[in-house]
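S.K.: Before I ask anything, let me first share the structure, which is written out below as structure tokens.
The values are calculated or read from the model by the stated rules, or taken from the named source; none is laboratory data. All of these numbers come straight from a predicted model, not from anything done at the bench. Neighbour counts are summed over all protein chains in view; Cβ atoms, including those assigned to glycine, are modelled from backbone coordinates with ideal geometry. Quick note on the areas: whole protein, heavy atoms, side chains included, nothing else; ligands and nucleic acids left out. Shrake-Rupley method; radii C 1.70, N 1.55, O 1.52, S 1.80 Å.
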Amino acid sequence: MNQHSMDLSVTLKGPTQSLHLKNPVLTASGTFGYGMEFAPYGDLTSLGGIIVKGLSLLPRDGNPCPRIVETTAGMLNAVGLQNDGVEAFCKEKLPRLPWQHLPVIANLYATAEFGELAARLNEEEGVAALEVNVSCPNVKSGGILFGQDPKLAAAVTRAARDAAPNKPLIIKLSPNVTDIALMARSVQDAGADMISCINTLSGMAVDVARRKPRLANVIGGLSGPAIKPVALRCVWQVCKAVDIPVIGLGGICSAEDVLEFILVGAHAVQIGTANFISPDRAFEIVKELPAVCRQLGVTSLDELRGSLKTA
């Protein structure tokens, strides 16, 4: 290592499984395709890790269009989990990814088929970890989101832990709750190795001339720079509430943004909407991090992490 570089590696140590990253920059699920789509824009192996788009057991078409709308300082999406299904991912997509050189993390929704899906991914050598998205409705409980009820979120976490004992388990929390720290503690107690937060904020956009919603689904998930202050607050609260590593996301567009999330306690981050604005953004953030650390006098990520002075 030369005098101009610094060690950006980070190990996320969970109670049962750990995840080692060469740097703290991951790509957020649903914003980076299956990974290979972004290979023309940078070296995939330079990233800390890739989180692929949400997977389901069988292929899904997703929601009708329009399903993405640009908003002030962000975007709304209601894609609806369009994907090729887990078998196509494991047989066609995963072998093309450089999973021997960086962690490839599978994302899955907590749906009725989710235990079977987690068990299938538990067998896959190229999958380094599972990220479970609890921001979807439990039809049996009157449509309440798994991620809005601590007992439901804990039950999903336990089911995932049982179905995939060999993989680090990340639970992705929703910000659309009264007390995110309570949700975080409930999934930690149920066996989560790590937490990622935040998922999108629930929102909508309307076309006043047509008097119609801009999304066919009416309501979608708001992401991008507009939600960064909410994301920082949630990550700060979650990091104070749990002992397991936290991965922060929400509006991160620069190396400075990455350091803000680490300062409030995050071990790693995910780059999401910025990939739509500029497809090489995640790669550029990795390149910019050492210089920005030097400018700010940061000698190690460990000494920066959680060192926010609030008094």
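S.K.: Would you work out what percent of the accessible area of segment 8-153, with all protein chains in place, is carbon or sulfur (probe 1.4 Å)?
M.R.: Summing carbon and sulfur atoms, their accessible area is 52 percent of the total for segment 8-153.
S.K.: Of the DSSP beta bridges with both residues in the chain, give the percent that are antiparallel, rounding to the nearest 5.
M.R.: Beta bridges within the chain, antiparallel portion: roughly 40 percent.
S.K.: For labels at T72 and T11 in the simple 7 Å Cα→Cβ model, what's the distance in nm?
M.R.: 4.7
S.K.: Hey, another quick one. Given a 1.4 Å probe and heavy atoms of the protein chains only, how would you sort T71, T299, T16, largest accessible area at the top?
M.R.: T299, T16, T71
S.K.: Now, a different point. Work out, step by step, the length gained on full extension between E256 and A311: first 0.36 nm times the residue separation, then minus their alpha carbon distance; give nm to one decimal.
M.R.: 17.6 nm
S.K.: Right, another one. Counting DSSP beta bridges with both partners in segment 186-247, what percentage is antiparallel, nearest 5?
M.R.: Looking only at bridges with both residues in segment 186-247, the antiparallel portion is about 75 percent.
S.K.: Could you order K212, K93, K13 by accessible surface area, starting with the largest, using a probe radius of 1.4 Å?
M.R.: Largest accessible area first, the list is K13, K212, K93.
S.K.: When the helices in the chain are scored as -39500 (n - 2.57) per DSSP H run of 4 or longer and the sum is shared across all residues, what 222 nm value do you end up with, to the nearest 500 deg cm²/dmol?
M.R.: After summing the helix terms and dividing by residue count, I get -7500 deg cm²/dmol.
S.K.: Sticking with this structure for a sec: Would you kindly find the accessible area of D189, with a 1.4 Å probe and non-protein molecules such as ligands, DNA and RNA excluded, rounding to the nearest 10 Å²?
M.R.: Estimated to the nearest 10 Å², D189 gives 130 Å².
S.K.: Could you check the simple spin-label distance between I219 and D179, using points 7 Å along Cα→Cβ, in nm with one decimal?
M.R.: 2.3
S.K.: On to the next question. So between L296 and C65, what do we pick up on full extension, going 0.36 nm a residue minus the alpha carbon distance?
M.R.: Separation in residues times 0.36 nm, less the Cα-Cα distance, equals 78.7 nm.
S.K.: Give the lysines whose C-alpha is closer than 19 Å to that of K22, dropping any in the same chain fewer than 8 places away, or say none.
M.R.: Within reach: K13, K167, K287.
S.K.: Shifting gears a bit: What are the radius of gyration and Dmax of the chain, computed over its Cα atoms and given in Å?
M.R.: Final numbers for Rg and Dmax: 18.4, 60 Å.
S.K.: Moving on. Considering only DSSP beta bridges whose two residues both sit in segment 65-169, what percent are antiparallel, to the nearest 5?
M.R.: Of the beta bridges lying entirely in segment 65-169, close to 45 percent run antiparallel.
S.K.: Beyond 27 Å, what percent of the Cα pairs of segment 92-244 remain?
M.R.: 30
S.K.: At 1.4 Å probe size, put M36, M183, M204 in order of accessible surface, largest to smallest.
M.R.: From most accessible down to least: M204, M36, M183.
S.K.: Using Cα positions and a limit of under 19 Å, work out the aspartates and glutamates in reach of K240, with same-chain residues fewer than 8 apart set aside.
M.R.: D179, D189, D193, E260, D302, E303
S.K.: Take Q82 and M204, extend 7 Å from each Cα along the Cα→Cβ direction, and tell me the distance between the two endpoints in nm.
M.R.: Those two pseudo-labels are separated by 2.2 nm.
S.K.: Can you work out the FRET efficiency for the pair A155 and K91, with r the C-beta to C-beta distance and R0 = 30 Å, to the nearest 0.05?
M.R.: 0.45
S.K.: Under 30 Å Cα to Cα from K212, which lysines show up? Leave out anything in the same chain fewer than 8 places away.
M.R.: K53, K228
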